[in-house]
Amino acid sequence: MGYTVKQVAAMSGVSERTLRFYDATGLLKPAYRAANGYRFYEEPQLLILQQILFYRELGLELRQIRQLLGRADFQRLDALRSHREALEERLARTRRLLETIDHTIDHLEGRKAMKDEQIFAGFTVAAGDDRFGENVQLGGERNDCKVAAADTGGAMCVFEFRGRGGWPNHSHHEQDEWLYVVDGELECQVGDRRMRLRRGESLFVPRTVAHAWAARGGAPATVIEMYQPAGRLEQFFREVGQYTDPPLHEALSVDEMLRLFDAHGMCLLGPGLGWDEGAGPDAAST
């Protein structure tokens, strides 16, 4: 049985626009086209789409997925077993966290005392890892959640960004933002002020204040980002992380990007920093 683009989108949750993009890039071609030009997909194509979604869920870029699916030795059953193993690891981590919650409830309600070291069982996030093992990428660069809204009752969330990119000019309706440079340098714009943050320096940006930042000179930087309260930043990063190939600014129109930012508690005000190495911005830390 052949399914139209609209029907496949409804079944899979993948937008029609994304399916057309997959076709144009050769990642997922339809089974055939009707005389009127409509694309039709059959079971083999649906199974390929399932693989794409599994790999996306596990944090792979479209470029990597295309390479994997295009390998002569690709075996669907082996891939599914690999997906299952990775998801079981996530499930085990979630179960550990649920156990910690249950133990804490028992402790607070006086049913069973809890040792101090048990309070943080399941919360350790290893170097280079993500709080939930999601490995969200922004334009192909890591942005790992280290402290989630669920950990703090929505009071705050913390991320570690590693890459050469950054943020466009924007403001948060309700979140204060704090940046700390672990490695590398940042170029920052806060209101009318341009500044440079070096390793070990930090910057606090109050809510509603326009700001932008980017790794300086194209060199990679590692940055801790803290948002208070957490708001919808985690959901925003997951959404943006879906746009790797093509990147967000190519996949969405300006109006669509404005709506995306607004839906997650932010106002998109302009493009990212086009810094000039010779400009000599002010150095600053807080």
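Only the coordinates and a few stated rules stand behind these numbers; no lab work does. Keep in mind that this is a model prediction, so the values were computed, not measured. Heads up, the Cβs are rebuilt from the backbone with ideal geometry, glycines too, and the neighbour counts pull from every protein chain shown.
How much net charge surrounds E256 when only other residues with a Cβ under 15 Å from its Cβ are counted (Lys, Arg +1; Asp, Glu -1)?
Residues close to E256 contribute a combined charge of -3.
Quick one: compute the contact order of the chain, relative version, from alpha carbon pairs under 8 angstrom and 6+ residues apart, as a percent. Kindly include the intermediate steps, with their values, before the conclusion.
Details: 470 pairs, mean separation 44.4, N = 286.
Once divided by the residue count of the chain, the mean separation gives 16 percent.
I need the shape label for region 20-175. Rule: rounded when a/c is under 1.5, else prolate if a/b > b/c, else oblate, with a, b, c from the alpha carbon gyration tensor. Numbers along the way, then the final one.
On the way: a/c = 2.65, a/b = 1.81, b/c = 1.47.
Cα axes put region 20-175 in the prolate bin.
Helix by helix through the chain, keep the DSSP H runs that span 18 Å or more along the axis on Cα and average at least 0.5 on Kyte-Doolittle, and give those back in order.
Numbers: long enough: 43-57 (21 Å, 0.14); 76-108 (48 Å, -0.83).
Span-like helices in the chain: none at all.
If you build a Gaussian network model of the chain, linking Cα atoms that sit under 10 Å apart, which residue out of S82, S171, S202 swings the most?
Comparing S82, S171, S202 in a Gaussian network model of the chain, the most mobile one is S82.
To the nearest 20 Debye, how big is the dipole of region 127-286 about its Cα centre, given +1 on the beta carbon of each Lys and Arg and -1 on that of each Asp and Glu? Don't jump to the answer; show the numbers that get you there.
Values: 15 positive and 26 negative charges, 59 e Å.
Its charge dipole is roughly 280 debye.
Rounded to the nearest 500 deg cm²/dmol, what is the calculated helix-only ellipticity per residue at 222 nm for the chain, with -39500 (n - 2.57) per DSSP H run of length n ≥ 4?
Values: 9 runs with 101 residues, N = 286.
It comes out at -11000 deg cm²/dmol, rounded to the nearest 500.
Hey, what's the per residue convex hull volume over the C-alpha atoms of the chain, in cubic angstrom? Please list the in-between numbers first.
On the way: hull volume 50.9 nm³, N = 286.
Cα convex hull per residue, to the nearest whole number: 178 Å³.
Please say if region 4-48 is rounded, prolate or oblate, where rounded means a/c under 1.5 for a ≥ b ≥ c the square roots of the C-alpha gyration tensor eigenvalues, and otherwise the choice is prolate for a/b larger than b/c and oblate otherwise? Walk me through the numbers on the way to the answer.
Working: a/c = 1.24, a/b = 1.19, b/c = 1.04.
Judged from the Cα gyration tensor, region 4-48 comes out rounded (a/c under 1.5).
Which Cα, out of G70, G272, Y243, lies furthest along the positive dipole direction of the chain (beta carbon charges, K/R +1, D/E -1)?
G70
Looking at region 1-72, which trypsin sites (Lys or Arg not before Pro) are in a loop (DSSP not H, G, I, E or B) and have at most 16 other Cβ atoms within 10 Å? Walk me through the intermediate numbers first.
Working: sites: K6, R17, R20, R33, R39, R56, R63, R66, R71; in loops: R71.
Here the trypsin sites (Lys or Arg not before Pro) that fit, given the DSSP loop and packing criteria, are R71.
When only DSSP loop residues count, what GluC sites (Glu not before Pro) in region 143-181 have their Cβ near at most 14 other Cβ atoms within 10 Å? Mind dumping the intermediate values first?
Numbers: sites: E160, E174, E177; in loops: E174.
Answer by residue number: E174.
Could you tell me which of rounded, prolate or oblate describes region 199-251, using a ≥ b ≥ c as the square roots of the eigenvalues of the alpha-carbon gyration tensor, with rounded for a/c under 1.5 and, failing that, prolate when a/b is larger than b/c and oblate otherwise?
It comes out oblate by the Cα gyration axes.
Quick one: longest stretch of the chain between exposed loop chymotrypsin sites (Phe, Trp or Tyr not before Pro), exposed meaning at most 15 other C-beta atoms within 10 Å and loop per DSSP?
Values: sites that count: Y38, F74, F123.
In the chain, the maximal stretch lacking such sites is 124-286.
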